[in-house]
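The values are calculated or read from the model by the stated rules, or taken from the named source; none is laboratory data. From a predicted model like this one, the values you see are computed outputs, not experimental measurements. Don't worry about glycine lacking a Cβ; one is built from the backbone with ideal geometry, like all the others, and counts go over all protein chains shown.
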């Protein structure tokens, strides 16, 4: 019985975590610290050892990704207030032309959600969805779901979004590799959601928002007014809008390629060369994102005074505060499982299961997501529990496991997920069945596609 006490303790810890988040007014941060405490003491650590491990795990996790999260949200805030996100959307729509607006919006979402929080990005871009639906006589559901789908996928998979950054820190995965893998895995998921969005338009061909009666204004007049507002608003160019997003990705990518080549036979000199050292510095996520923030400030807000600029940057940091704390708490839980030996004990049992180890974080994330709703909390919790387990198993690729934790948290967004309400309320959908068709089903489709993608990634690596 003593052998299974740590596992029983972990089960109790997870139950307490879920119960506190769902049934009480206790914040997820405190709930995760409580879970870590229960897991530590039941795993054989003394009270002081548990506290010490929690502190060390919290600090080491944030030490690796805290600055990157801070820089990422600062950049995102500048892109948000400068109109860069809108400019990207307008440009893609112009390029792709009529009857392809859903693809343009999905691509926009795919790019914009890398630096900007998904809820904010949807609120910013939704007026464009309405305008396009009115102008092109396109189904509002098709356009809205395509945009939201593009946004949610990269939000889950691609750093510097806080969730995947936290997962990368807990698994000890290179952020550059995490970014590149996420960008690739996201593509088939976005395609799947767009195809579903087009079908949704045929399933609800006559859809009009239920709050339409609150807006009796002539649609043509509303559309003209919206366009006039946008024309009057000075937006940055497409090149300048994309520069802060693309620059860090390129720098990190070059560094990742250099590192890969340096490990191959006869190429070790590359790492020590001026080229290798330069991009080792510039391609470090902290430096790459710091450069990105500077580019965003000086190219997208050239005429904004110092005080307003600092205010905007600090607004971004305020939004990141709680995510930093939850991520740190997730790292603390993972450290406790490693230190107590619970992770090793579970790994021994898991090794005998007829299941690919990479699916452990995927299904834990799925379960937590279904229970408590938040994708970020689900992937951080899954990473915290599974990283100490899968790290003990031979032949497990930690990058694939990390992506599994992020993608598993896509499953069936419904009433306990804030994005569910943002999408449905903005589009004026009040019928419960229709709400699920509009957002619960497409997130589940993306989840299923990502499962295949994660397995392929694990096989390739």
Of all residues in segment 334-366, which are more than 26 Å from residue 53 (Cα to Cα) and in a helix (DSSP H, G or I)? 359, 363, 366
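Picking from 335, 365, 347, 329, which residue would you name as being over 26 Å from the mean Cα position of the chain (by Cα), closer than 26 Å to residue 62 by Cβ and crowded, with 16+ Cβ neighbours inside 10 Å? Outline the logic, then answer.
Details: 335 fails: over 26 Å from the mean Cα position of the chain (by Cα); 365 fails: over 26 Å from the mean Cα position of the chain (by Cα); 329 fails: over 26 Å from the mean Cα position of the chain (by Cα).
Every option except 347 fails the conditions.
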Candidates 407, 427, 419 - the one that is touching a residue at least 24 places away in the same chain (Cβ under 8 Å), over 19 Å from the mean Cα position of the chain (by Cα) and buried (at least 18 other Cβ atoms within 10 Å of the Cβ): 427
Name the one entry in 236, 216 that is more than 24 Å from residue 102 (Cβ to Cβ), modelled with pLDDT under 85 and not in a helix (DSSP H, G or I). 216
If residue 33 satisfies every condition in (1) buried (at least 17 other Cβ atoms within 10 Å of the Cβ); (2) within 15 Å of residue 342 (Cβ to Cβ); (3) modelled with pLDDT of 90 or more but one, which is the exception? (2)
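For segment 43-64, which residues satisfy the criterion of being touching a residue at least 60 places away in the same chain (Cβ under 8 Å), part of a helix (DSSP H, G or I) and more than 18 Å from residue 379 (Cβ to Cβ)? Spell out how you get there, then give the answer.
Pass one, segment 43-64, residues touching a residue at least 60 places away in the same chain (Cβ under 8 Å): 43-45, 49-50, 53-62, 64.
Still in the list and also part of a helix (DSSP H, G or I): 49-50, 53-62, 64.
Those that are touching a residue at least 60 places away in the same chain (Cβ under 8 Å), part of a helix (DSSP H, G or I) and more than 18 Å from residue 379 (Cβ to Cβ): 49, 50, 53, 54, 55, 56, 59, 60.
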Considering residues of segment 252-304 that are touching a residue at least 40 places away in the same chain (Cβ under 8 Å) and outside any helix (DSSP H, G or I) only, the residue nearest to residue 76 (Cα to Cα): 301
Among the residues of segment 156-178, the number that are crowded, with 21+ Cβ neighbours inside 10 Å and either out of contact with any helix residue (DSSP H, G or I) (no Cβ under 6 Å at 6 or more places or on another chain) or under 20 Å from residue 436 (Cα atoms) (or both) is 1
Can you report the number of residues in segment 77-99 which are surrounded by 18 or more Cβ atoms within 10 Å (Cβ to Cβ) and not in a helix (DSSP H, G or I)? 1
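From the residues in segment 90-111 that are without any contact (Cβ under 8 Å) to a residue 40 or more places away in the chain and in contact with a helix residue (DSSP H, G or I) (Cβ under 8 Å, 6 or more places away or on another chain), which one is nearest to residue 200 (Cα to Cα)?
As a first pass, look at segment 90-111 and keep what is without any contact (Cβ under 8 Å) to a residue 40 or more places away in the chain: 92-100, 104.
If we keep only those that are in contact with a helix residue (DSSP H, G or I) (Cβ under 8 Å, 6 or more places away or on another chain) as well, we get 92-93, 95-96, 98-99, 104.
Working: 92: 22, 93: 20, 95: 24, 96: 21, 98: 19, 99: 15, 104: 17 Å.
Among those residues, the one meeting the criterion is 99.
May I ask you to verify whether residue 26 is more than 30 Å from residue 241 (Cβ to Cβ), without any contact (Cβ under 8 Å) to a residue 40 or more places away in the chain and not in a helix (DSSP H, G or I)? Spell out how you get there, then give the answer.
Values: more than 30 Å from residue 241 (Cβ to Cβ): yes; without any contact (Cβ under 8 Å) to a residue 40 or more places away in the chain: yes; not in a helix (DSSP H, G or I): yes.
Yes, satisfied.
For segment 100-129, give me each residue that is outside any helix (DSSP H, G or I) and surrounded by fewer than 24 Cβ atoms within 10 Å (Cβ to Cβ). Quick ask: steps written out before the conclusion?
Step one: filter segment 100-129 for residues outside any helix (DSSP H, G or I), giving 100, 113-117.
100, 117, listed by residue number.
Yes or no: residue 382 touching a residue at least 12 places away in the same chain (Cβ under 8 Å), buried (at least 24 other Cβ atoms within 10 Å of the Cβ) and more than 30 Å from residue 199 (Cα to Cα)? Step through it out loud before you land on a result.
Details: touching a residue at least 12 places away in the same chain (Cβ under 8 Å): yes; buried (at least 24 other Cβ atoms within 10 Å of the Cβ): yes; more than 30 Å from residue 199 (Cα to Cα): yes.
Criteria met by residue 382.
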